[in-house]
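A short worksheet on the structure shown next.
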Amino acid sequence: MKLIRKLFGFLVKVTFLLVLANVIYFGLSGWIMYRECITDAPLQTVVQDIRDQKNYVSLDEISDEYIDALLKSEDQVFYQHHGFNVVSTVRALFRNIQEGYYAEGGSTITQQLAKNLYFDFEKKIERKVAELFMAHEIEETLEKDEILEIYLNVIYYGENCYGIEEAAQHYYSVSAMDLNEEQIEALVITIKSPNNYNPHVLSDSVSLKRVIEYVNR
């Protein structure tokens with residue numbers, strides 16, 4: 001019995017050391033990745049390049065209804081957190097386990113912006129850590145409205161469309177300010193999977209309704 005307790009204690013210590021080693025390794029790797037990115041392309045420079053683009057629109061040029069729907073879908077506590085939402089991350093983890101595949105990422109809008117500005121979409125732990133460091137940098141550098149505005153100008157909507165103004169013009173030939181309720185729903189859902197859920201793929205209201213029910217359950 002004493003031997004079993006010693007063996008158990010040894011295994012607990014080894015497990016703890018392995019976990020600690022992984023935390024240090026991925027934390028350091030993520031930090032290095034983040035520092036390389038921010039050194040090569042300072043955040044303010046990247047942001048200014050985006051603001052100089054042809055189809056860039058300010059928040060007051062985007063439908064309030066669209067902004068509200070997007071926040072409800074993507075990040076309901078965007079104005080309360082500081083780049084990272086523990087609750088949504090844990091919820092996403094449980095859903096992924098339940099579904100048996102990567103169904104939900106749990107990323108905040110700030111994390112999504114960090115990924116879109118600096119990183120590829122490969123699912124690596126060190127990349128996710130670097131994304132968290134970059135999200136903190138973004139929150140420290142920009143106001144919340146600035147973060148949301150830039151996000152709405154860089155997010156991908158499928159069919160080579162980046163930003164809400166370009167997407168509104170491409171799919172509906174209207175400005176981002178003039179989107180109606182159905183168009184708003186479609187373009188909010190598009191963000192979830194631009195190649196599978198964009199308005200040209202979900203061309204009928206029945207398909208759109210089914211997708212909305214699925215992603216919001």
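Coordinate-derived values only; no laboratory data. Every value quoted in this text rests on a predicted model; they were computed, and no experiment measured them. Cβ atoms come from the backbone with ideal geometry, glycine included; neighbour counts cover every protein chain shown.
Given 0.36 nm per residue, what is the gain on full extension from Leu71 to Asn116 after removing their alpha carbon distance, in nm?
14.5 nm
Quick check on the stretch 119-158: take the gyration tensor over C-alpha atoms, sort the square-rooted eigenvalues as a ≥ b ≥ c, and tell me if it's rounded (a/c under 1.5), prolate or oblate.
It is oblate, given that a/c is not under 1.5 and a/b is not larger than b/c.
For the pair Glu182/Thr15, report the inter-label distance in nm, with labels modelled 7 Å from Cα in the Cβ direction.
5.5 nm
Which order, highest average first, do 124-135, 60-71 follow once you tally other Cβ atoms within 10 Å for each residue and take the mean per peptide?
Values: 124-135: 20.2, 60-71: 16.6.
With the highest mean Cβ count within 10 Å placed first, the list reads 124-135, 60-71.
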